[in-house]
Structures are given as structure tokens and as C-alpha cells.
């Protein structure tokens, strides 16, 4: 069943996209991953913290300084990834407008999923800023374990079918999630 869905997606993904479609996909992705999901994690975290009587992890202003540094550095990494998918890959991170070319430069030179890595650390920074213990230790792990399972089981299979040997070689040389500055050549 997954193979049928993947093959239909591959056929659909080869369709040429116009700039407005790519731009709209980026706007939709931004709304979801920059605003809606973080807001749900923060509000859900506050609810769980009060329900489970979790303490704050940091004293103010330590949480603001540390969290802000994480947000700035790590969100920059995620944005850098999106930029390379848009400019080099001629697509977006969202499956509705996938890349047309395999992107292996920029942040993708250091790990196969730099946007996931940057977004994960961005959410960790938000948890620190807002001092939401359950967001950090319960909600973020649940969300990102789900995302990583999807990437490993579905997305990597689609990429192998779409890009063949080029992706397989890239996959062998490049770490899955944690960036490594000295990628094997």
C-alpha cells in the first residue's frame, strides 16, 4: 500500500510548479511550523505543567538569554535549509511542492535533515524561553519522534525512488540528523 502511494506521489512530484505555488507552500509551511505548532506546544505545555505540577527549569533572565540564543541560531539553520530547497531544489520542504532536484549542498552537506534539526532546536529554544518543562521533556519528543519515523520510513523511500543512486550515495556519506562538519567524501 505504501509503495502505491509513494509511486503516485513520485508521478505527481515531477509536475513543474509555478512560483506562486512554491511561494504559497512556503507561506502555509511557515504558518504551520512557525506559528501554529509552536503555539500548540507552548499552550499544551503550560496545561501539562500545571496539571502535573512541574517546576520551571530556569530562573529569569537565564531562560530568556539561553532560549533566545537557541532560537536565533537554530531557526537560522532551518531557514537556510528552506532557502536551499527553494533555490537549488526548485521546490519546498512541503510534500505538496517537493523539490525537483536532490539538494546536497549548503546545510544538506552536513546532514540529510537540517531543517528538521534546526526546527527541533528552535522549539527547544521556545520551551526554554517560556520555561515550559513538559514541552521540553514530553511534547517535543513526541512530535519529533513522530516526524523522524515519518522521514525514515516514508520520505527516505520516496527520495530513493525519485533520485535513485544519487540519493543512496548521499545517504551513505551524510548523517541522518545531527550535522557533522567533516562529511565523508
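A few points about this structure:
- Identity of the residue in segment 76-89, closer than 20 Å to residue 20 by Cβ and free of Cβ contacts under 8 Å to residues at least 40 places away in the same chain, that ends up surrounded by the fewest Cβ atoms within 10 Å (Cβ to Cβ): 87
- A residue that is touching a residue at least 40 places away in the same chain (Cβ under 8 Å), under 18 Å from residue 118 (Cα atoms), within 14 Å of the chain's Cα centre (by Cα) and not in a loop (DSSP other than H, G, I, E, B) can be found somewhere in segment 34-42.
- Segments classed as helices (runs of 4 or more DSSP H), wholly inside segment 86-185, with at least 3 members that are in contact with a helix residue (DSSP H, G or I) (Cβ under 8 Å, 6 or more places away or on another chain) and more than 20 Å from residue 67 (Cβ to Cβ): 156-163, 165-173
- Number of the condition not met by residue 178 [criteria: (1) touching a residue at least 12 places away in the same chain (Cβ under 8 Å); (2) surrounded by 15 or more Cβ atoms within 10 Å (Cβ to Cβ); (3) under 17 Å from the mean Cα position of the chain (by Cα); (4) within 21 Å of residue 83 (Cα to Cα)]: (2)
- Of the numbered criteria (1) under 30 Å from residue 162 (Cα atoms); (2) surrounded by fewer than 19 Cβ atoms within 10 Å (Cβ to Cβ), the one residue 55 fails is (1).
- Residue in segment 60-71 that is farthest from residue 106 (Cα to Cα), counting only those that are in a helix (DSSP H, G or I) and without any contact (Cβ under 8 Å) to a residue 24 or more places away in the chain: 62
Residues checked against (1) buried (at least 17 other Cβ atoms within 10 Å of the Cβ); (2) within 21 Å of residue 162 (Cα to Cα); (3) modelled with pLDDT under 90:
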| site | (1), (2), (3) |
| --- | --- |
| 35 | no, no, no |
| 60 | no, no, no |
| 64 | no, no, no |
| 74 | yes, no, yes |
| 114 | yes, yes, no |
| 124 | yes, no, no |
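The values are calculated or read from the model by the stated rules, or taken from the named source; none is laboratory data. Everything numeric here is computed off the predicted structure, so don't read it as measured data. Cβ sites come from the backbone with ideal geometry, for glycine too, and all protein chains shown count toward neighbours.
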